[in-house]
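Trainee: Starting off with a structure, shown below.
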Amino acid sequence: MTEIIQQIINALLMGCTYTLIAIGFNLFFGALNVVHFSHGDVCILGAFVTLILYSLAKFLGLLVILPKFIYVPLMIIMAMIITGFLGVFFERIVIKPFRYAPLLMVLVATVALGIVVRETVRLSFPHGSNPQIFPRILPQHSFHIGGVLLRLDNLIIFGITLFLIAMMFLFIKRTKMGAAIRAISQDGEAAMMMGINMDRTVAATFLLGSALGAVAGILIGAYNNIIRFDMGLMGGVKGFSAAVVGGLGNVYGAIIGGLILGFVETFAAAFIPGGTPYTDVFAFLVVIFFLIFRPSGILGEKVYEKV
Amino acid sequence: MRVVLLIAVEIAFFMLFVAFMLANQMGMIVAFLLFFILLGIFLKKWEKVNRGLLGLFKERRVLSTPLFIFLLLTLPFFFKTSPYLIHICVMAGLYAILALGLNFQLGSTNVVNFATAASYGIGAYTSALLAVHFHISFWFGILISGFTASLFGLLLGIPCMKTKDYYLSLVTIAFGLIVYILLINFSWTGGPNGIPNIPPPLFASHSFRDNLNLFGVHLPFQSNYFYLVFILVGGALFVAHRLHHSRVGLTWNAIREDEIAARCQGIDVTRYKILAFCIDAFFGGVAGTVYAHYIGFISPENFAFIVSVVVVTMVILGGMDNVFGVIIGAILLTIIPEKFRAFEDFRLLIYGAIVVAMLMVRPQGLFPQKLRVYTKS
Amino acid sequence: MKIVCRIVRVSLIVFTAIFFITSVGWTQAKVVKIGFIGPLTGPNAAQGVGARNAFDLAIREANASGKFQYKIEMVALDDASDPATGVAAALKLVSDPAVVAASGHWNSPVALATIHTFHTYRIPFIVWGAIHPDITGFYKYPGVNRVAPTLVQENSPLCDWVITELGYKAFSIISDTSSYGEMNTKAFRPMAENKGVKILSVDSVTVGTTDFRPILTKIKGLNPDAVYFGGVVMEGALIKDQMEKVGLKRMFCAISGIKDDKFLEVAGPSGEGALSIKPGKPIEKLEGGTKFVKSYETAGYREPYGAYGPNAYDSAGIILEAISKVGPEDKTALMKYIRGIKYKGLMGETTFDATGQTTNIIVSRFVGQDGKWVVWEDSAYSKGARKLPKP
């Protein structure tokens, strides 16, 4: 029994990481009807940025001066800001030029951008092709409740995910910029006629989405203790799958999609004999199943194509 | 006089190409490349010269085409001391076949298919397994694996029919990844170690692993594959060209332009899209078979996602829906990275950058699709 | 039209000229090349680069000694731990007529792929690192020899140590899906069961997996004494770390695949108490070892020679001795000489049996202590000051 609870915890945590990536996809799709295939790489880029900040801090001797619970959130926030702006930069290069162009272009351009980001990361780090050690920024304590092992870092990851989802939700629903994002997602032209600055709103969307993505990357790094330059590819594909399964354009969909994928993978590894190497296959089969029989996802609205 | 000019120009370009390939020092290579680029720009600027040359080639097609083919056939003779160069040409040819296959989907129908590597891999593994375990000859193997790959294309096409655009690309990516993971994990496919010792093809008791003796000249064994690939590329080119100029190609373009309008015209969109998938997969399977028997060893790493992206890059660079352009794209993107082996590390980065740059600056590719001519005016 | 003619003519002349000028540089001097293939990039780059440097040192010393009338050159190629890349590198080497012999590989899958190429082209090949038994035992190519012991030769002392000496009786096996991992399981399992050990579970993981929590949680439920891992550094380190994280605080052991500083770096504090075995003796205890270390340092290589430097150094030494005795022309004679050699080098005395496998099988035992690999006999654990998880 405790084993099953333990596995559920494993699944939840895996789901958290996918959800955080999926939120970004949802945001971009909802606002701009664009799938930013390189979002996964931006997330991992956030983790690498953190790595750089950490090394810099270590080099400057700051780590000895500041206590962990100060410099860790500080690093995370700085990484979020940097990645956010990088995200906006990428948007300007590969998405803005194709705003009114056929879908094909954005699709291929973002895939290509993903490759460029991955390779740049790989080439900029010494031994970039190898996994890089991610600093242990979360507390490593654990405690038992009724035979189940709970770890502080897992709880923190879970908590941060919920917090960020809530924050994003509030932002979209309660702030002016959030309203602008909702407006351009409904009808871009009408929104512009209402006086909304399209460029600035899109930039804000990408800032938000990429910053959240950075946190996803950091949490992935903290959970696994290593990051690899090509995690972005798998992460992006899985994050996108999670968003699609849950329903593109719907924030709750990201949560559901992430959870579903997390559970499928964990339980495939744990309970299907010899299933460990095939967890990804199971996850993708589930995704393909959804795409065939319910392409709008669990919570998505049916999209009708207008002639 | 014009005939002499034609022959001279063809031979000149050919010699330039040979010299470029044989060049060893970085300085020479860069010099050649710069020359070619300048030539290209120069031809684009001087419309009259461009049209004059092209017109000349078209006019004397009876002469220019066979001469061109003949010159290509002599390549192994020039490269006989550097078998590595012939190897590059063989790989360029294989990628050209892949690019031609993808062109049906990406170029003609605007379906972004990232599963090319999967059909390539399925073709390679099918033929390799048949040859190693059941001793089936290469020539049967190539047909069987071609059809197996098409079956895969069909399988891939079905979920794709219900999905659009992004979802479709996601499905193709997922399929590609699934095939890759399955190949790595199934023990009967050799797992991550792949299949070693794949026998070379036999043609009338001449093994393709042996050196080729033509007209008294000893050519390295890669020349066997060179000629084989040459014939296959020719065949692929022929099929692609005919398809492009047939109702099928027209239908694909119609689907690309506006799917709903095409449906309203009575076109069975599903059938044609699946046809595109199957043909693409068939080309991939054939190319994969040749690859397997050529290198003699395959492993799942050869068929990772990145290979699909590379082929997509070739189509975008060369020209969407332009059969010749796609071949040029494939050749460029195979030969140039090989000449710049020192920058091997940056290869993927440069591919990605090329795609982004091309899409921004010249999305139709280097050689855009030629407008269809309906009447001779 | 006239302009076109002129341009064409001028370009033709110019480039024919260049063509002929550069042809001067196409003739080459007589050079004897020895190929080296190893993982110079990728997750095992540390091993490959170190080995390459040691190989290079041997060749430099040979050239400096003046014993050879021609220049010996190393051609170092990367296999990136990937069989396909390795085969491409092998093809490149065999198509170069100046290459007389080659040495290669840390990863067994790569070696299993390339030995056929070297055999077909009759180029003598010495394996310096890959330890899958089939490389020599199954194919028995006369031109292929190996200076490193096979993993069967490695697993046996590991079993004696952890089962007989330390008393662990119930194991869970985790291996990676590569042939290295597969063979490890195939070798370890019967050996352990023969000694009365119960194998509670056998799992395989793909190289590149980062999350082992589901499978470790499952293993925790089975309550083994110890976990045996058949794989390499990265996955091993992550598994050891995640074992701590899911509360599976049991003994962890593996053969030389994990014996690398990177393992302890990645596993962090969780790496404490990991057991491993490595063929050969620590370099200071080897004959000629201190001299090698000094020469390596003086030569100024950026990277350490790593665990396989001595192997590569000896491989180069064997090839060089063969060339000096039989000359570089006859490759078959080279093969014969190498197979029959009695070579005294950093690894001790190396001779090859009928399948090309070395008969030299000394191993050292190591335990992870305070972030460093410490020889077991010198460690706090063997002295009782620290304790491993109980069997």
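The values are calculated or read from the model by the stated rules, or taken from the named source; none is laboratory data. Everything numeric here is computed off the predicted structure, so don't read it as measured data. When we count neighbours, we look across all protein chains shown, and the Cβ atoms used for this are built from the backbone with ideal geometry, even at glycine. Accessible surface is based on the protein model in full, side chains and every heavy atom, while ligands, DNA and RNA are left aside. Shrake-Rupley method; radii C 1.70, N 1.55, O 1.52, S 1.80 Å.
Trainee: Out of all the residues in segment B:131-169, which are open to solvent by 30 Å² or more (accessible area, probe 1.4 Å), away from every other protein chain (no Cβ under 14 Å) and at pLDDT below 90?
Mentor: Once the filter is applied, which keeps residues that are open to solvent by 30 Å² or more (accessible area, probe 1.4 Å), away from every other protein chain (no Cβ under 14 Å) and at pLDDT below 90, segment B:131-169 yields B:His133, B:Phe134, B:His135, B:Ile136, B:Ser137, B:Trp139, B:Phe140.
Trainee: For segment B:183-211, what are the residues that are away from chain C (no Cβ under 14 Å) and free of Cβ contacts under 8 Å to residues at least 24 places away in the same chain? First the steps, then the outcome.
Mentor: Filtering segment B:183-211 for residues away from chain C (no Cβ under 14 Å) gives B:201-206.
The answer is B:Phe203, B:Ala204, B:Ser205, B:His206.
Trainee: Ok, one more. If I filter segment B:312-347 down to residues being open to solvent by 60 Å² or more (accessible area, probe 1.4 Å) and more than 11 Å from the chain's Cα centre (by Cα), which single residue comes out as nearest to B:Ile97 (Cα to Cα)?
Mentor: Among those that are open to solvent by 60 Å² or more (accessible area, probe 1.4 Å) and more than 11 Å from the chain's Cα centre (by Cα), it is B:Arg347.
Trainee: Please enumerate the residues belonging to segment C:216-227 that are touching a residue at least 60 places away in the same chain (Cβ under 8 Å) and open to solvent by less than 10 Å² (accessible area, probe 1.4 Å).
Mentor: The answer is C:Ala226, and nothing else.
Trainee: Given the conditions (1) on the phi > 0 side of the Ramachandran plot; (2) within 8 Å of another protein chain (Cβ to nearest Cβ); (3) of a type outside the set (D, E, K, R); (4) without any contact (Cβ under 8 Å) to a residue 24 or more places away in the chain, which single one is not true for A:Gly195?
Mentor: In the conditions (1) on the phi > 0 side of the Ramachandran plot; (2) within 8 Å of another protein chain (Cβ to nearest Cβ); (3) of a type outside the set (D, E, K, R); (4) without any contact (Cβ under 8 Å) to a residue 24 or more places away in the chain, A:Gly195 misses (2) alone.
Trainee: Okay, moving on. Only one of these conditions is not met by B:Thr163: (1) closer than 16 Å to A:Phe284 by Cβ; (2) in a helix (DSSP H, G or I). Which number is it?
Mentor: (2)
Trainee: Sticking with this structure for a sec: Consider segment C:260-269. How many of its residues are more than 24 Å from C:Gly384 (Cα to Cα), open to solvent by 10 Å² or more (accessible area, probe 1.4 Å) and within 11 Å of chain A (Cβ to nearest Cβ)?
Mentor: So the answer is 2.
Trainee: Inspect segment B:16-32 for any residue being open to solvent by 30 Å² or more (accessible area, probe 1.4 Å), β-branched (Val, Ile, Thr) and either modelled with pLDDT of 75 or more or part of a helix (DSSP H, G or I) (or both) and give the result as yes or no.
Mentor: Within segment B:16-32 (the criterion being open to solvent by 30 Å² or more (accessible area, probe 1.4 Å), β-branched (Val, Ile, Thr) and either modelled with pLDDT of 75 or more or part of a helix (DSSP H, G or I) (or both)), the answer is yes, since at least one residue qualifies.
Trainee: Any idea which residue in segment C:260-277 is nearest to C:Ser156 (Cα to Cα), counting only those that are assigned to a helix (DSSP H, G or I) and acidic (Asp, Glu)?
Mentor: Step by step, filter segment C:260-277, then rank; the result is C:Asp261.
Trainee: Let me ask something additional. Residue under question is B:Thr172, and the condition is that it be assigned to a helix (DSSP H, G or I), hydroxyl-bearing (Ser, Thr, Tyr) and open to solvent by 30 Å² or more (accessible area, probe 1.4 Å); does it hold?
Mentor: So B:Thr172 fails the test.
Trainee: Among the candidates A:Ile165, A:Ile160, A:Ile181, A:Ile172, single out the residue that is over 22 Å from A:Cys16 (Cα atoms), crowded, with 16+ Cβ neighbours inside 10 Å and not polar (S, T, N, Q). Break it down stepwise before answering.
Mentor: On the way: A:Ile165 fails: over 22 Å from A:Cys16 (Cα atoms); A:Ile160 fails: over 22 Å from A:Cys16 (Cα atoms); A:Ile172 fails: over 22 Å from A:Cys16 (Cα atoms).
Going through A:Ile165, A:Ile160, A:Ile181, A:Ile172 in turn, the sole match is A:Ile181.
Trainee: Which ones in segment A:197-216 are surrounded by fewer than 20 Cβ atoms within 10 Å (Cβ to Cβ) and part of a helix (DSSP H, G or I)?
Mentor: A:Met198, A:Asp199, A:Arg200, A:Ala203, listed by residue number.
Trainee: If C:Glu272 passes every condition in (1) within 26 Å of C:Val152 (Cβ to Cβ); (2) open to solvent by 10 Å² or more (accessible area, probe 1.4 Å); (3) more than 12 Å from chain A (Cβ to nearest Cβ) but one, which one does it miss?
Mentor: Among (1) within 26 Å of C:Val152 (Cβ to Cβ); (2) open to solvent by 10 Å² or more (accessible area, probe 1.4 Å); (3) more than 12 Å from chain A (Cβ to nearest Cβ), C:Glu272 violates only (1).
Trainee: Further, regarding this structure: Only residues that are free of Cβ contacts under 8 Å to residues at least 12 places away in the same chain and at positive phi: list them for segment A:238-294, please.
Mentor: Listed by number, the list holds a single entry, A:Gly274.
Trainee: Is at least one residue of segment A:33-47 in contact (Cβ under 8 Å) with a residue 40 or more places away in the chain, part of a helix (DSSP H, G or I) and more than 24 Å from A:Arg122 (Cα to Cα)?
Mentor: Among the residues of segment A:33-47, not one is in contact (Cβ under 8 Å) with a residue 40 or more places away in the chain, part of a helix (DSSP H, G or I) and more than 24 Å from A:Arg122 (Cα to Cα), which makes the answer no.
Trainee: Is it the case, given these coordinates, that B:Thr65 is without any contact (Cβ under 8 Å) to a residue 24 or more places away in the chain and under 30 Å from B:Ala276 (Cα atoms)? Give the steps one after another, and end with the answer.
Mentor: Numbers: without any contact (Cβ under 8 Å) to a residue 24 or more places away in the chain: yes; under 30 Å from B:Ala276 (Cα atoms): yes.
Criteria met by B:Thr65.
Trainee: May I pose another question? Select from segment B:1-19 the residues that are within 10 Å of another protein chain (Cβ to nearest Cβ) and without any contact (Cβ under 8 Å) to a residue 40 or more places away in the chain and write down the one among them that is farthest from B:Lys80 (Cα to Cα).
Mentor: B:Met1
Trainee: Hey, among the residues in segment C:178-203 that are among the charged types (D, E, K, R) and under 17 Å from C:Gly137 (Cα atoms), which one's least open to solvent (accessible area, probe 1.4 Å)?
Mentor: Within segment C:178-203, the match that is least open to solvent (accessible area, probe 1.4 Å) is C:Glu182.
Trainee: While we're here: Residues in segment B:284-297: is at least one buried (at least 18 other Cβ atoms within 10 Å of the Cβ) and among the polar types (S, T, N, Q)?
Mentor: Applying the first criterion (buried (at least 18 other Cβ atoms within 10 Å of the Cβ)) to segment B:284-297 yields B:284-297.
Right, trim to among the polar types (S, T, N, Q) and you get B:289.
So far as segment B:284-297 goes, yes, one or more of its residues are buried (at least 18 other Cβ atoms within 10 Å of the Cβ) and among the polar types (S, T, N, Q).
Trainee: Please enumerate the residues belonging to segment C:289-303 that are surrounded by 15 or more Cβ atoms within 10 Å (Cβ to Cβ) and either part of a loop (DSSP other than H, G, I, E, B) or at pLDDT below 85 (or both).
Mentor: Scanning segment C:289-303 gives C:Gly289, C:Tyr301.
Trainee: Can you name the helices (runs of 4 or more DSSP H) wholly within segment B:296-377 that have at least 2 residues being within 13 Å of chain A (Cβ to nearest Cβ), in contact (Cβ under 8 Å) with a residue 40 or more places away in the chain and in contact with a Ser or Thr (Cβ under 9 Å, 6 or more places away or on another chain)?
Mentor: Result: B:305-318, B:347-361.
Trainee: Look through segment B:212-236, keep the residues that are away from every other protein chain (no Cβ under 14 Å) and not in a helix (DSSP H, G or I), and return whichever of them is surrounded by the most Cβ atoms within 10 Å (Cβ to Cβ). Don't jump to the end; show me each part of the working.
Mentor: Going through segment B:212-236, the residues away from every other protein chain (no Cβ under 14 Å) turn out to be B:212-217, B:224, B:226-236.
Cutting the leftovers down to not in a helix (DSSP H, G or I) gives us B:212-217.
Numbers: B:Leu212: 19, B:Asn213: 11, B:Leu214: 14, B:Phe215: 6, B:Gly216: 5, B:Val217: 11.
Across segment B:212-236, the extreme among qualifying residues is B:Leu212.
Trainee: Only residues that are open to solvent by 30 Å² or more (accessible area, probe 1.4 Å), facing another protein chain (nearest Cβ under 8 Å) and under 18 Å from A:Gly24 (Cα atoms): list them for segment A:94-110, please.
Mentor: Of everything in segment A:94-110, nothing turns out to be open to solvent by 30 Å² or more (accessible area, probe 1.4 Å), facing another protein chain (nearest Cβ under 8 Å) and under 18 Å from A:Gly24 (Cα atoms).
Trainee: Related question: What number goes with the only condition from (1) under 20 Å from B:Tyr180 (Cα atoms); (2) touching a Gly at 6+ places or on another chain (Cβ under 7 Å); (3) aliphatic (A, V, I, L, M) that B:Leu317 does not pass?
Mentor: (1)
Trainee: For segment A:258-299, give me each residue that is closer than 22 Å to A:Ile165 by Cβ, surrounded by 19 or more Cβ atoms within 10 Å (Cβ to Cβ) and either within 12 Å of chain C (Cβ to nearest Cβ) or among the hydroxyl-bearing types (Ser, Thr, Tyr) (or both).
Mentor: A:Gly262, A:Phe263, A:Val264, A:Glu265, A:Thr266
Trainee: Let me ask something additional. Return the residues of segment A:111-126 that are buried (at least 20 other Cβ atoms within 10 Å of the Cβ), facing chain B (nearest Cβ under 9 Å) and not basic (Lys, Arg); say none if nothing qualifies.
Mentor: Passing the criteria: A:Val111, A:Ala112, A:Leu113, A:Gly114, A:Ile115, A:Val116, A:Val117, A:Glu119.
Trainee: Residues to consider are C:Glu303, C:Glu349; find the one that is free of Cβ contacts under 8 Å to residues at least 24 places away in the same chain and on the phi < 0 side of the Ramachandran plot.
Mentor: C:Glu349
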